[in-house]
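What follows is a single structure, written as structure tokens, with notes after it.
The values are calculated or read from the model by the stated rules, or taken from the named source; none is laboratory data. Model, not experiment: these values are computed from the prediction. Quick reminder, even Gly has a Cβ in these numbers, built from the backbone with ideal geometry, and neighbours come from all protein chains shown. These area figures cover heavy atoms from the full protein model, side chains too; ligands, DNA and RNA do not enter into them. Shrake-Rupley method; radii C 1.70, N 1.55, O 1.52, S 1.80 Å.
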Amino acid sequence: MQALKSEDMSQLQLVEREEIDEEEDLLEAIDKLTAHGINAGDVKKLQDAGIYTCNGLMMHTKKNLTGIKGLSEAKVDKICEAAEKLVNYGYITGSDALLKRKAVVKITTGSQALDELLGGGIETLQITEAFGEFRSGKTQLAHTLCVSTQLPTSMKGGNGKVAYIDTEGTFRPDRIVPIAERFGMDPGAVLDNIIYARAYTYEHQYNLLLGLAAKMAEEPFRLLIVDSVIALFRVDFTGRGELAERQQKLAQMLSRLTKIAEEFNVAVYMTNQVIADPGGGVFISDPKKPAGGHVLAHAATVRLMFRKGEGEQRVCKVFDAPNLPESEAIFQITGGGIADAKD
């Protein structure tokens, strides 16, 4: 690992430029619309609204776009028409879809057993949700991913930066230092490549997501962490009378997360809390279920259930995934982050 410090440090500073340049070709910048007859002032209005790529533009409804100050229905129609010339949003063949899947980057969790369970690691272009009780390892995995995401792709990393939205005050920069050292990386450089924000209300949390588009359009991000996604919704909405509104606002936030994952080819890792399930019955050994209901269940591509094992050991079970069997892996929490459990 020490040899890595001097030899591969340039790689660890996220400068595998060829890969990044290739990806920039996949993202059509919003200012390319000017070449198709769209006024530069209107492009600026889109950017001010958090839309920086044509791919991202196509993920908005026309109703949303006409809500942007200064954009009439006629202008929005013209903008969408121009964007369709730059981005193909119609049908593609299964073979083309398979080629698109080659853009997926798998980021190591730090534990080989956990990586194998996940089919290679946490994937970009999707949302991975981890739920479980406190001290079950969800935030520890988040801290480990902050570092492993910055490893070169040849070392099962993502060669990209990390955005961390913290709703519970659990992020610890000093925790990053020993994890970086374990991977043979410079802790200062690793911390510089993490952007962090503490959210205090669900509205603040949503606005932080809107502001991310500008940063992700300019720099190579590979991971977005939201720890935890539900906490502020449980605080800001109380009682059954506000449940419908809470779920609607939660759905909007999760939709935004899905769009970020697909627009910028980043992995979204979000932690979730559990609630007691009184209907679980006496025959279920652990009658707890993830918070957020069906809205959250449908948004997450991969759902992982974490629970405590013996000592520092933790168990991760695939709760729901389109391409993974329902299986378990044991890992442990060490000073250097998530690692394989010792027998």
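Restricted to segment 31-79, and to residues there that are without any contact (Cβ under 8 Å) to a residue 12 or more places away in the chain and of a type in the set (A, V, I, L, M, F, W, C), the residue that is farthest from K215 (Cα to Cα) is A74. Within segment 102-142, being over 17 Å from A300 (Cα atoms) and of a type in the set (F, W, Y) holds for one residue alone: F134. Being of a type outside the set (S, T, N, Q), open to solvent by 40 Å² or more (accessible area, probe 1.4 Å) and on the phi > 0 side of the Ramachandran plot is true of K156.
Annotation: L12 fulfils all but one of (1) modelled with pLDDT of 50 or more; (2) under 22 Å from N88 (Cα atoms); (3) open to solvent by less than 80 Å² (accessible area, probe 1.4 Å); the unmet one is (2).
Of all residues in segment 299-326, those that are more than 27 Å from Q247 (Cβ to Cβ) have Cβ atoms under 6 Å from Cβ atoms of residues that are open to solvent by 20 Å² or more (accessible area, probe 1.4 Å) and of a type in the set (K, R), 6 or more apart or on another chain, in V315/R307.
Number of residues in segment 235-263 that are under 21 Å from the mean Cα position of the chain (by Cα) and open to solvent by 10 Å² or more (accessible area, probe 1.4 Å) equals 11.
Under the condition of being in a strand (DSSP E or B) and among the aromatic types (F, W, Y), the residues counted in segment 85-140 number 1. Assessment of segment 218-231 against the conditions (over 16 Å from the mean Cα position of the chain (by Cα) and open to solvent by 50 Å² or more (accessible area, probe 1.4 Å)) yields at least one matching residue.
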